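Worksheet: the structure to be examined is printed underneath.
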There are 2 protein chains.
Amino acid sequence: MTDEAISSSDCSRAEARRNQILEAAEACFREYGFHGASISRISKSCGMSAGHIYHYFENKEAIIAAIVANDLDRLLAMSAEMRNADNVLDALIDRVAEGVVEQLESRGAGLKLEIAAEAARNPTVAEIVRGADRRCTASLAETFRLARLAAGKSATPEEIARMVEVIAAMFDGLLLRRVRQADIDTRELIVGFQSVIRCLITS
Amino acid sequence: MTDEAISSSDCSRAEARRNQILEAAEACFREYGFHGASISRISKSCGMSAGHIYHYFENKEAIIAAIVANDLDRLLAMSAEMRNADNVLDALIDRVAEGVVEQLESRGAGLKLEIAAEAARNPTVAEIVRGADRRCTASLAETFRLARLAAGKSATPEEIARMVEVIAAMFDGLLLRRVRQADIDTRELIVGFQSVIRCLITS
DNA sequence: CGTTCTAGTTTGAGCGCTCATTCTAAGTTA
DNA sequence: TAACTTAGAATGAGCGCTCAAACTAGAACG
């Protein structure tokens with residue numbers, strides 16, 4: 001219930017400090033998990049005292065929530081730009097490669113997994129995650145609808161929803177594959193993903 | 001370095017106690033996460049004193065390792081039986097439904113996610129997880145090889161490996177979909193999964 | 001039969017430590 | 001001076017884990 005508006009005089013400085021904390025916290029959470037990363041560890045990592053962090057965040061959960069929200073905003077931004085393309089199907093197939101690489105890239109992937117695990121038991125985090133997913137899948141659905149129409153196929157809401165769910169599962173699954181299989185052949189995986197998507201849209 | 005052989009007289013009693021601890025720990029880990037679940041909480045949950053747990057497990061990590069190994073053994077058992085069927089392709093498509101339901105079922109799913117997140121930063125857990133995955137995907141690969149041959153298609157190791165990775169990603173992804181989307185239409189998802197698998201095998 | 005001995009089982013207090021969080025007080029800036 | 005910023009010690013709670021003592025039940029003995 002502490003107000004978020006920290007300062008009247010110098011807002012940018014406070015904003016910078018907040019980001020500094022978030023960046024350090026993100027690194028710690030990735031390395032130790034949400035519960036394994038302590039405030040003192042975070043404070044050391046961002047070069048300020050433990051108590052000082054509480055000037056910018058009400059508690060540890062607020063830091064977690066901020067990071068989750070940040071991370072999902074990035075995801076949303078990426079998914080949003082996909083719709084604005086000339087040839088939707090080609091653009092879609094092209095973006096698959098980027099998408100696969102992005103999901104397998106270690107920096108973000110570990111954190112996303114951590115967030116999901118936390119969401120499975122923390123209602124606050126679950127709500128944030130679900131909100132982002134709703135917007136993300138809606139965007140994906142519209143892209144698929146356009147792709148189906150461009151391919152001269154039917155595009156009932158049921159068909160689209162089904163496709164979205166399958167594709168979403170595939171991409172989300174990459175986060176786990178990264179952990180479960182040490183040496184993934186990214187290029188082969190991209191080929192596989194592309195053929196599945198092509199098959200879904202043109203059949 | 002404490003020896004695992006606890007008793008000479010009554011081994012089954014010790015085994016029962018171990019399982020009692022594991023069951024309680026599993027529930028706690030699911031609810032609070034590996035780091036959020038304390039020994040004292042686990043001890044309360046299985047109705048014995050905190051200290052007593054250390055007669056059966058060297059430390060908390062050993063409990064985690066045991067649960068991870070248990071859980072993955074169950075997974076392996078399920079995947080192993082899939083190969084022994086008359087019509088491989090039909091059997092495969094049929095099992096998809098079971099597989100999807102199994103992955104979405106809440107009891108096991110939360111724990112698997114927790115395990116994956118832990119594996120992302122705990123090398124001991126990662127090694128267990130990867131070992132299980134290797135055996136699991138090998139089994140899946142053989143099933144796919146037979147299915148492709150039955151369908152009169154080529155089955156080069158590369159093709160098979162690619163299919164396995166895509167399918168594995170899809171199923172692993174369900175663990176995340178469960179969290180990210182509150183109300184999944186399981187039946188629609190099964191239809192979608194089946195059509196993708198059919199498409200992969202017969203093209 | 002009852003008693004003592006013995007060895008495994010179980011307890012719970014408590015160790016040293018770290019946790020999230022609060023608070024005081026000093027430093028900085030304007 | 002007055003307001004803001006920062007540090008870091010202090011707090012009480014809870015952590016993983018240890019250990020000495022209490023309990024239990026069956027074997028050995030008289």
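The values are calculated or read from the model by the stated rules, or taken from the named source; none is laboratory data. As the structure is a prediction and not an experimental result, all values here were calculated from the model. Cβ coordinates were reconstructed from backbone atoms using ideal geometry, including for glycine residues, and neighbour counts include every protein chain displayed. Only protein heavy atoms, including side chains, enter the accessible area calculation; ligands, DNA and RNA are left aside. Shrake-Rupley method; radii C 1.70, N 1.55, O 1.52, S 1.80 Å.
With contacts defined as alpha carbon pairs under 8 Å and 6 or more residues apart, what's the relative contact order of chain A in percent?
Details: 156 pairs, mean separation 43.2, N = 203.
Relative contact order for chain A comes out at 21 percent.
From the label point of A:ARG74, set 7 Å along Cα to the beta carbon, how far off in nm is each other copy's matching point, shortest first?
3.4
Using alpha carbons only, how many angstrom separate the centre of the range B:130-203 from the centre of the range B:17-50?
34
What lysines could a cross-link reach from B:LYS112, if we take a straight Cα to Cα line under 26 Å and drop same-chain neighbours fewer than 8 places away?
Within the straight-line limit of under 26 Å, B:LYS112 reaches these lysines: A:LYS60, A:LYS112, B:LYS44, B:LYS60.
Please give the total accessible area that chains B and A bury against each other, computed with a 1.4 Å probe and expressed in Å² to the nearest 100. Walk me through the intermediate numbers first.
Values: alone 11660 and 11590 Å², together 19310 Å².
Using a 1.4 Å probe, the pair buries roughly 3900 Å².
Size of chain A along its principal axes in angstrom, Cα-based, largest extent first?
60, 40, 29
Suppose you put the label 7 Å out from Cα in the Cβ direction; list, shortest first and in nm with one decimal, how far B:ALA150 is from each other copy's label.
3.7
So how far apart, in nm, are the two label points at B:ASP90 and A:GLU98 if each is 7 Å from Cα heading toward Cβ?
4.6
Taking a label point 7 Å from Cα toward Cβ, how far is A:TYR32 from its twins in the other copies, in nm, shortest first?
So the distances to the same position in the other copies read 1.8 nm.
Evaluate peptide A:180-189: per residue, the Cβ atoms of other protein chains within 10 Å of its Cβ; return the mean as an integer. Walk me through the numbers on the way to the answer.
On the way: counts 14, 10, 5, 1, 2, 4, 0, 1, 6, 5.
Mean partner-chain Cβ count within 10 Å for A:180-189: 5.
May I ask you to derive the FRET efficiency for A:ARG187 and B:SER203 from their Cβ-Cβ distance with R0 = 30 Å, giving the value to the nearest 0.05?
Using R0 = 30 Å, I get an efficiency of 0.95.
Solvent-accessible area of B:SER38, probe 1.4 Å, all protein chains present, reported in Å² to the nearest ten, please.
B:SER38 exposes around 50 Å² with every protein chain in place.
Heavy atoms only, probe 1.4 Å: what % of the accessible area of the range B:56-133 goes to carbon and sulfur, would you let me know? Walk me through the numbers before you get to the answer.
Details: 1620 of 3330 Å².
In the range B:56-133, the share of accessible area belonging to carbon and sulfur is 48 percent.
Using only DSSP helix segments of four residues or longer, with each worth -39500 (n - 2.57), what per-residue ellipticity at 222 nm results for chain A after dividing by its residue count and rounding to 500? Could you put the intermediate results ahead of the total?
Details: 9 runs with 153 residues, N = 203.
Roughly -25500 deg cm²/dmol at 222 nm, from the helical runs in chain A.
Where only protein heavy atoms count, and the probe is 1.4 Å, what is the accessible area per residue for chain B in Å²? Before the final figure, lay out each step's value.
Working: 9690 Å² over 203 residues.
Per-residue accessible area for chain B comes out at 48 Å².
Please compute the length gained on full extension between B:THR156 and B:ALA138, using 0.36 nm multiplied by the number of residues separating them and subtracting their Cα-Cα distance.
Details: separation 18, 0.36 × 18 = 6.48 nm, distance 1.44 nm.
Between B:THR156 and B:ALA138, full extension yields 5.0 nm more.
If you count, for each residue, the other Cβ atoms within 10 Å and average over each peptide, how do B:56-69, B:168-181 line up from highest to lowest?
Details: B:56-69: 18.3, B:168-181: 24.4.
Going from most to least packed, we get B:168-181, B:56-69.
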